[in-house]
Structure formats: structure tokens, C-alpha cells
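Remarks on the structure that follows.
The values are calculated or read from the model by the stated rules, or taken from the named source; none is laboratory data. Quick caveat, the model's predicted, so the values are computed rather than measured. Cβ placement follows ideal geometry from the backbone for every residue including glycine, while neighbour counts extend to all protein chains displayed. For accessibility, only protein heavy atoms count, side chains too; no ligands or nucleic acids. Shrake-Rupley method; radii C 1.70, N 1.55, O 1.52, S 1.80 Å.
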Amino acid sequence: MGNAIYKRIAKCRICGNKNLVKYLNLGKTPLANRLLGPQDTDKQEEKFPLEVMYCKNCSLSQLSILVSPRVLFSYYPYRSSISSAFRKHCAEMSNKISGTLKTKPNGLIVDIASNDGCLLQEFKKNNFRTLGIEPAKNLAKIAEENGIDTVNSFWNGETAEKIIPIHGKAQVIIATNVLAHVDNLNKFMAAVGILLRDDGLFIVEVPYLYDLISKNEFDTIYHEHLSYFLVKPLQKLYNDHGFTIVNIEKYPIHGGTIRVYASKKSPGRENPGKSVSNFLNFEQNEGMYSLKTYNKLDDRVKKIKKDLLKALKNLKGKGKKIAAYGASAKGSTLLNYCGIDNGLISFIVDDTPEKQNHLAPGSKIKIVDASYMEKNKPDYLLLLAWNFAKEIMEKTSKIYGKPVRYIIPVPKVKIQ
Ligand code: TMP
């Protein structure tokens, strides 16, 4: 894409079809993880269209534009290991894979976009050789400091080729919460084909589009999430690259996630597992292959905006102090789409050191640590990281002397 910061997407990233139909327009927003410095209160930020398109051929949903990956991912403040729920999810994943697969002694586990090494730590505990691939310098450094061998680069064929002479081929390649970030999925899959052993396993976790649509999780849409997956388009992608889906499982993490296990096709391993047809039937029955289903989302999202603004203004009018919890990327979409700024929300609490003392993009609300909240007790907390609601509620009730109430924005605005 040369030096341009973004380009329009004209065809489906998976099947190449040009018949893409826009079904959701969230306006123009700044980049969700582009936090501002404490001085930047008057800064004019660049804003980009945030719109979602449906592919009438393979049912993939994708953004209408692509912001340059170098702009999006070279510095990344998100740290996987901040959430204990995610750490638990990683430990369970590692135990399950280590326990149920005939793992070869000393097998190599590769994690693509390994973040701060959160998942690989767990595999290390289970005596695997581990290798992380992470494009963000700041995160690769943290992982290395924690003893996780990490290659600081983007995932592609060249990276895969460089790894083989040093570490050998991988027994398992894992990609959790990364496929949605990838523009060229064909190159991504080709690189997996290079590094994975012929008897190896490729495991992907992606947020499930069915949950996004059915639970109005529109705030999980932001410029880093280029694609929104169902099983149908994934199966096409895997097929095109000589992979078979052997199993699919569903998990509640991040508002609804599917874990897809695939292996290279070989004699006797061509047929997809039974769970694949179960998921495809489910998607068909739930109308996920019909544009009508998607067109209804817009009204529900507008209602969330209206209800949330009304609730916040009402509380503010009664003299209540409202703060938010979790300076998440989805929080950025929510605040910017709804037009919520520091007139309504006093501050955002986040445990990530890299985020503290910054301003949230667009809304310019200051991000603080938990001790600030203890001193400036809010009456209400808007949960911007609603995917970790339980964990956050437990945490805040412990450090908080007086009762606090919570505002949860999706699937519909709720105060509890
Ligand atoms: P996510 O919803 O994109 O996963 O982001 C969650 C954000 O919430 C992330 O910035 C970390 C923050 N967070 C805390 O600060 N403390 C917590 O206990 C949890 C669960 C999340």
C-alpha cells in the first residue's frame, strides 16, 4: 500500500468476490489503541471510517478499509496477561492440548502474535519447547525478559523459513486472536504450511461473528479487527491451503470465541470432523448466510447509543460521579461512536502500566491506575471491558469501601 496510511478494500479477503455489501457504519473514529500523551488535550487526531461489509459469496464480514499494519501494530499497549481470566484460559488450553494430543517429547509449539508470552508460559510449564512470533517490539521484549524465546517480526513465509534451520518444524502452531488482524490470509496460511510438520496441528481462536451479531457486540469492531469470522469462510480458507478442520469448540472468552483445530490433508485425513457440519448447520439455521440478519444490527446499535447517553446524562444530572473500567480498544469504539467524553466520564481505570497517564483516543478521558479510583471514588463504573465483567466486579468491590454500581453497555444497556 506504499506510503498511504489506509486503503479501501474492494474484494473479499477470503474468496475474492467483489459483491460486498455495507451493513454497519460506526462513523469515523481514531485508532483504538493510539493513546494520547497527558499533554494532548487539544490534539487533532486522524480519524478513519469504521464500516463493516458482508461478502455475499462466502459470508465473511470485513472492514471497508485497511489501515497500514505498520501503523497499527509496531507499538501495541495491549498485554494479554493483565487479565486473570485470560491467563486461566491459556492454562486450560495448554493443559488440554498437552494432555489430549499425542505430543512428541520436546515438540516445538509456536505462537503467532505471542504478545507478552502469556500462553507460551503455560506450554513451557508443560515441558514443550516454545517459540513466540511477535511484531510489537515492546511486547517481544517483555516476553524475552520472562524467558520466552521470541522472534520480533511479522508472521510470513520468510519468518517461517528462517525458523526451520534453528528450531526445526513445529508440532503445533497456535494463533489466538490474531487472524482477525491479518490482511493477506493466503500468505498467512502459506507460512503456516511451511513451518508446520505434516503431522502437526494448527489451532486458531477467533471471536465468533454469531456472538457479535446476536449479542450486539459492535464495540469489538475497530480498525485492528479487519475480519469477523464464521466457520463457513474459514473452511474455504483452510481448504484452499490443503488443511482440514478436525474439530471446533466454543468458549465464552472475549464475548464468544471459537477454537478451530486443523491439520494438513493427507490420505485418511481429508474429511472434516463432525463438529464442522454441526457449526455449519447452526450458522445456516441462525440466518448467518443471509444479509437480512446483518441489516438488523444497525437499529440495535443505535438504540444502545441512545440508551447509554440517556442513562449517563441522567446520572450526571443527579450529581453522580461516573468513571469507566478498562481502557480497552472496544471501549474506544464505544466512547467514540456514542460521543462520550470527559464531560460525562471522569476517568478510566486500567491496570496496564503502558496505558496509565495517557488519554483515551478521541474521548480524551484520562487513564489512571486503581489507586486513583480509591481516592476519587465514583458512584458508577461503566464497564468498557465487559468481557471481563465478573473479574472486574470482584476486584473493584474488594478495593472499594462504599458500594459502586455498574453500567454494562452490551447486549443492551443495563445498570446493576
Ligand atoms: P480487552 O477487552 O480488549 O481484552 O481489554 C481489556 C482492558 O481492560 C485492558 O486494557 C486491560 C484492562 N483490564 C484491567 O485493567 N484490569 C482487569 O482486571 C482486567 C480484566 C482488564
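The single condition from (1) within 15 Å of the ligand (Cβ to nearest atom); (2) in contact with an Asp or Glu (Cβ under 8 Å, 6 or more places away or on another chain) that VAL413 fails is (1). Does the range 311-325 include one or more residues that are open to solvent by less than 10 Å² (accessible area, probe 1.4 Å) and either over 21 Å from THR29 (Cβ atoms) or modelled with pLDDT under 95 (or both)? Scanning the range 311-325, I find at least one residue that is open to solvent by less than 10 Å² (accessible area, probe 1.4 Å) and either over 21 Å from THR29 (Cβ atoms) or modelled with pLDDT under 95 (or both), so the answer is yes.
Here is a yes/no grid of residues against (1) farther than 29 Å from GLU394 by Cα; (2) modelled with pLDDT of 90 or more; (3) aromatic (Phe, Trp, Tyr); (4) touching a Lys or Arg at 6+ places or on another chain (Cβ under 8 Å):
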| site | (1), (2), (3), (4) |
| --- | --- |
| VAL71 | yes, no, no, no |
| SER74 | yes, no, no, yes |
| SER81 | no, no, no, yes |
| GLY99 | yes, no, no, no |
| LYS104 | yes, no, no, no |
| ALA113 | yes, yes, no, no |
| GLY117 | no, yes, no, no |
| GLY132 | yes, yes, no, no |
| LYS141 | yes, yes, no, no |
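Could you tell me whether any residue of the range 217-229 is over 24 Å from TYR76 (Cβ atoms) and either touching a residue at least 24 places away in the same chain (Cβ under 8 Å) or open to solvent by 50 Å² or more (accessible area, probe 1.4 Å) (or both)? No, the range 217-229 contains no residue that is over 24 Å from TYR76 (Cβ atoms) and either touching a residue at least 24 places away in the same chain (Cβ under 8 Å) or open to solvent by 50 Å² or more (accessible area, probe 1.4 Å) (or both).
Let's see how each residue does on (1) within 22 Å of ASP211 (Cα to Cα); (2) charged (D, E, K, R); (3) open to solvent by less than 30 Å² (accessible area, probe 1.4 Å):
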residue: PHE243; (1), (2), (3): no, no, yes
residue: ASN247; (1), (2), (3): yes, no, no
residue: THR257; (1), (2), (3): yes, no, yes
residue: LYS274; (1), (2), (3): yes, yes, no
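For LYS398, indicate whether it is closer than 28 Å to ASN216 by Cβ and within 16 Å of the ligand (Cβ to nearest atom). For LYS398, the condition - closer than 28 Å to ASN216 by Cβ and within 16 Å of the ligand (Cβ to nearest atom) - is not met. The condition (being of a type outside the set (S, T, N, Q), open to solvent by 50 Å² or more (accessible area, probe 1.4 Å) and out of contact with any Cys (no Cβ under 8 Å at 6 or more places or on another chain)) is satisfied by just one residue among LYS330, LYS306, LYS264: LYS306. Identify, please: which residue in the range 365-395 is more than 9 Å from the ligand (Cβ to nearest atom) and of a type in the set (S, T, N, Q) and is, among those, nearest to GLN416 (Cα to Cα)? The qualifying residue nearest to GLN416 (Cα to Cα) is ASN376. The residue that is nearest to the chain's Cα centre (by Cα), counting only those in the range 31-80 that are open to solvent by 50 Å² or more (accessible area, probe 1.4 Å) and within 16 Å of the ligand (Cβ to nearest atom), is TYR78. For the range 316-364, a tally of residues being within 9 Å of the ligand (Cβ to nearest atom), in a loop (DSSP other than H, G, I, E, B) and either under 18 Å from ASP379 (Cα atoms) or of a type in the set (A, V, I, L, M) (or both) returns 3.
The set of residues from the range 160-192 being of a type in the set (Val, Ile, Thr) and touching a residue at least 40 places away in the same chain (Cβ under 8 Å) comprises ILE163, VAL172, ILE173, ILE174, THR176, VAL178, VAL182, VAL192. Cβ-Cβ contacts under 7 Å between residues 6 or more apart (or on different chains), taken from a first residue in the range 378-407 that is closer than 15 Å to LEU334 by Cβ and part of a strand (DSSP E or B) to a second residue that is among the hydroxyl-bearing types (Ser, Thr, Tyr) and away from the ligand (no atom under 14 Å from the Cβ), are listed as ILE407/TYR380. Note on the range 283-303: residues that are exposed (fewer than 12 other Cβ atoms within 10 Å of the Cβ) and β-branched (Val, Ile, Thr) amount to 0.
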